[in-house]
1. Residue 66 passes all but one of (1) on the phi > 0 side of the Ramachandran plot; (2) of a type outside the set (S, T, N, Q); (3) in a strand (DSSP E or B); which number fails?
2. Considering only region 33-63, state which residues are β-branched (Val, Ile, Thr), in a loop (DSSP other than H, G, I, E, B) and in contact with a Ser or Thr (Cβ under 9 Å, 6 or more places away or on another chain).
3. Just one of 96, 75, 109 is assigned to a strand (DSSP E or B) and touching a strand residue (DSSP E or B) at 6+ places or on another chain (Cβ under 7 Å); which is it?
4. For region 86-97, indicate whether the set of residues that are at positive phi, in contact with a Leu (Cβ under 7 Å, 6 or more places away or on another chain) and of a type in the set (Gly, Ala, Ser) is non-empty.
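The values are calculated or read from the model by the stated rules, or taken from the named source; none is laboratory data. All values derive from a computational prediction rather than experimental measurement. We place every Cβ from the backbone using ideal geometry, glycine too, and count neighbours over all the protein chains shown.
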Amino acid sequence: MNKMIAFLLMAVLASASAEELVAVVRLTPHNSTGGPNVNGAITFTQSATNGPVTVTGTISGLKEGLHGFHVHEKGDLSSGCTSAGGHFNPNGQNHGAPGDAVRHVGDLGNIQANSEGIATVNITDTVISLSGANNILGRAVVVHEDADDLGKGNHSLSLTTGNAGARLACGVIGVSSPNSNWSGAGIAIVSSYVVSILLPAAALVLSFLDY
């Protein structure tokens, strides 16, 4: 009986540890009266604390080609995409490519629009997070008019914006699931830490119990 209780405890802790965090953003045009009608829906999924975040979705209304795609520092769209501020850059780094050691946290590179103006987004990033210091919840996603030069161009804006041009569409990143236990900066990390301690302890107890 005791062994069964310990086994059930391990199962519950493993389930809690594996709970996914999911966030979503609805992209709408920066200028709904005169600019391009760029719209989209993006999902951010993180399966483990400090694990990679997958970014998936579809964006329409773009010109064919590459477009800069970034997380910006503010979730303020009171003046359209302009009020979202600069790239999310809590560490004060230069702009770079997603795979660069030196980059903004919000640097997600480019998305590719096809001849019909549709971009299918499928990115896995190890720097952004849905909890902790690099938490992007409440911040904004911005789609730009031009390609991001990934900090490799010779333009004066290369190391700040990637010279990606005007802001076409944006949206605020919000919680999708689960409905509880979200931690902007700490609860999810603490929960994961507690689980990391209790799970091995439960396994040790299980090894000493008889049927």
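1. (1)
2. Selection gives 38, 49.
3. Being assigned to a strand (DSSP E or B) and touching a strand residue (DSSP E or B) at 6+ places or on another chain (Cβ under 7 Å) holds for just one of 96, 75, 109, which is 109.
4. no
Quick grid of which residues meet (1) under 28 Å from residue 63 (Cα atoms); (2) modelled with pLDDT of 95 or more; (3) not assigned by TED's automatic domain parsing to the domain that holds residue 39:
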site: 127; (1), (2), (3): no, yes, no
site: 147; (1), (2), (3): yes, yes, no
site: 188; (1), (2), (3): no, no, yes
site: 196; (1), (2), (3): no, no, yes
site: 205; (1), (2), (3): no, no, yes
